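Colleague: Below are the structure tokens for one structure; questions will follow.
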Amino acid sequence: MDERKKALPIGIEFFRDFKSGDYYYVDKTAFIAEFLRTKGSVNLFTRPRRFGKSLNVNMFKSFFEIGADASLFDGLDISRETELCERHMGKYPVISLSLKDVEGGDFETAYDSLCMLVSEEATRFGFLEESDKLIKADKAKLQKLIEGDFEKPAFLHGSLKLLSRLLSEHFGRRAVILIDEYDVPLDKAYQDGYYAQMIRLIRSFLSQALKTNESLEFAVLTGCLRIARESIFTGLNNFKVRSISDEQCAEYFGFTDGEVKEMLQYYGVEDRFPDVKEWYDGYHFGDVDVYCPWDVINQCDLLRVSRDAPMRPHWENSSSNAIIRDILEDATEATRGEIEALISGEAVEKEIIPELTYADLDNKNINIRQTYLWSVLYATGYLTDDGKPNGGRHRLVIPNKEILRIYENKIRTWFEDQVTGDTKRWERFCQAVKNGDAETVQELFQAFLSESISVRDTAVRKEKKENFFHGMFLGLLRAEGSWIVKSNAESGAGYSDILLIVPREKTGCVIEVKYAENGAFDAALREAMKQIETREYMDLLRREGMETIHKYGLACYRKTCRLAYEKE
């Protein structure tokens, strides 16, 4: 690794740190100029998580706030907009809040965390207590904010409006309000069962600050979802929403092809561009194709240490991905077919509802609920648009390999839960594998597949299809906690798909999985059994002292399987 290269900005959320810490920066400052030319009084930008929302909000704060350090923008795109910089840089008092940590197991805890957040922001403006522009009563109110004295809910509800008025009176300039992750408290409240209380709080908290506020110059909000206007933003004038479907400002959230190539070239790993593209590209925002920046930065950091580093899931590991499970649990037969199409690389056409409420996800009508779930999958980055929307309908696809893995992993987990929930049938399956009862293994695995989701015989590469079924079979065996189950274990002259060891009974199994292209089961089974023999996959089992060894060749096609069996 070349130590002279800039550090990669993993987890950096403060714009000033790029210069002070000498971090690599993908220049998004042109966003400021486009925003100023197109803004409304209240502006909402919705993007999936890990697409640079928080950093862009902090960039705005660094640019607009009175006392701004102009040197932070030297040499960046915005510095060439001299007229805009002269008019706007460092000209506004700025209130900036991130609601990402406003949460709790109950409403009271979440309420207290919002109070603390407002108190911390008010503390930044403690200098107002010495202002000769403010009356004594206003200074007393400010002191209550700083001390976190929110005995009456109305005081919290009006706190941002109060702060903006005090700042405006002191500086003689209207204030800018920046609110990052505005929808996180609603998501947390929905998950923990106090959504109705939280929606009322957030509605009042934001409405007072953003509606008919004479001290407001403009406001910027970011989040993953566009919460229905009637839920939060009723009555707002000049309210502009720029979602992932809108063309304006599309390239400022996420990295473009050119930006990724430039980064990889800077770190000397440009030869890995095809892998990075396959794993992390594929999102279509407005009229721009973008990569998830969190993925690219984290993977580039691995590649600069070892240019042969395998691609890893980074975005996947930063969330519970519970929405995938929700749609699987609700899945009708038609929905399962659509998910099969998606994981096979096909598109599904769906109506997308631009404005959502979390309450809609609990609608008793399953068709309405499914429509909202598809809309959330789209808004949160689990699906993307494969072209121009046709009216309210979108051609949805899985963006890239990393997101495909999330679907496959969640499908396998759901599949395992469904199967192992029927304890008697699952135990019968495991015993059949251990005892070499191939007929029963085939019968039961066939039944399991018919109830699950498969991968279609499309352009998806053969090895990907094999991996899908390999994972399903493997998961069922691993659920039997007393067995030793190895995947892709080195044995003999190669790596076997699945090795099973039952120590107490000195019994071992080797299972080789093949995808039977176009239903050619016989050929796939011959290939599987030949591979077991020629590559001596039984070698490890022999060395482990297994006295009984079962050899299985498993061939799968869509929701059908065949099994070949030999006993050593």
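Colleague: About its Cα centre, how strong a charge dipole does the chain have in debye, to the nearest 20, once Lys and Arg get +1 and Asp and Glu get -1 at the Cβ?
Modeller: 540
Colleague: Something else: In whole angstrom, how long is each semi-axis of the equivalent ellipsoid of segment 234-361, when you take the square root of 5 times every eigenvalue of its Cα gyration tensor and sort them from largest down?
Modeller: 31, 22, 14
Colleague: Output the direction-averaged projected area (hull surface divided by four) of the convex hull of the alpha-carbon atoms of segment 282-341, in nm².
Modeller: 6.2
Colleague: In the full protein assembly as shown, how much of residue 13 is accessible to a 1.4 Å probe, in Å² to the nearest 10?
Modeller: Counting only protein heavy atoms, residue 13 exposes about 80 Å² to solvent.
Colleague: Quick one: order 315, 294 from most to least accessible surface, probe 1.4 Å.
Modeller: 294, 315
Colleague: Give the relative contact order (percent, whole number) for segment 111-227; include only Cα pairs under 8 Å separated by 6+ residues.
Modeller: Relative contact order for segment 111-227 comes out at 28 percent.
Colleague: Something else about it: Which angle between 0 and 90 degrees, to the nearest 10, do you get for helix 195-210 versus the longest principal axis of the chain when only C-alpha atoms count?
Modeller: 40
Colleague: Right, next: Taking the convex hull of the alpha carbon atoms in the chain, what volume per residue do you get, in Å³?
Modeller: Once divided by residue count, the hull of the chain is 179 Å³.
Colleague: In degrees between 0 and 90, to the nearest 10, how far off the longest principal axis of the chain does helix 401-421 point, with axes built from Cα atoms?
Modeller: Orientation of helix 401-421: about 60 degrees from the principal axis.
Colleague: Quick check: the angle from helix 257-266's long axis to the longest principal axis of the chain, C-alpha only, nearest 10 degrees?
Modeller: Approximately 80 degrees, to the nearest 10.
Colleague: If you don't mind, another one. Which entries of 364/462; 53/144; 100/144; 39/161; 19/161 have Cα-Cα distances beyond 28 Å here?
Modeller: 364/462; 53/144; 19/161
Colleague: While we're on this one: As an exercise, find the ratio Rg/Rh for segment 469-532 from alpha-carbon atoms, using the Kirkwood inverse-distance average for Rh.
Modeller: On the Cα set of segment 469-532, Rg over Rh gives 1.01.
Colleague: Counting pairs of alpha carbon atoms under 8 Å apart in space and at least six apart in sequence, what relative contact order in percent does the chain give?
Modeller: 11
Colleague: To the nearest 500 deg cm²/dmol, what mean residue ellipticity at 222 nm is calculated for the chain from DSSP H runs of n ≥ 4 alone, each contributing -39,500 (n - 2.57), summed and divided by the residues?
Modeller: -13500 deg cm²/dmol
Colleague: Using a 1.4 Å probe on the protein heavy atoms, what percent of the accessible area of the chain belongs to carbon and sulfur?
Modeller: 45
Colleague: How much accessible area does residue 161 have with a 1.4 Å probe, in Å² rounded to the nearest 10?
Modeller: 80
Colleague: I would also like to ask the following. Suppose each label sits 7 Å from its Cα in the direction of the beta carbon; what would the residue 139-residue 77 distance come out to in nanometres?
Modeller: For residue 139 paired with residue 77, the spin-label model returns 4.6 nm.
Colleague: Let me ask another. Please give every one of the aspartates and glutamates within straight-line cross-link reach of residue 410, meaning a C-alpha to C-alpha distance under 15 Å, and leave out same-chain neighbours fewer than 8 residues apart.
Modeller: Partners within reach: 316, 326, 329, 330, 340, 402.
Colleague: Mind checking the per residue accessible area of the chain for me, 1.4 Å probe, whole number of Å²?
Modeller: 43
Colleague: Given a cut-off of under 8 Å on Cα pairs at least six residues apart, what relative contact order in percent is computed for segment 321-451?
Modeller: Worked out over segment 321-451, it gives 23 percent.
The values are calculated or read from the model by the stated rules, or taken from the named source; none is laboratory data. This is a predicted model, so every value here is computed, not measured. Cβ coordinates were reconstructed from backbone atoms using ideal geometry, including for glycine residues, and neighbour counts include every protein chain displayed. Note: areas computed on protein heavy atoms with side chains; ligands, DNA, RNA excluded. Shrake-Rupley method; radii C 1.70, N 1.55, O 1.52, S 1.80 Å.
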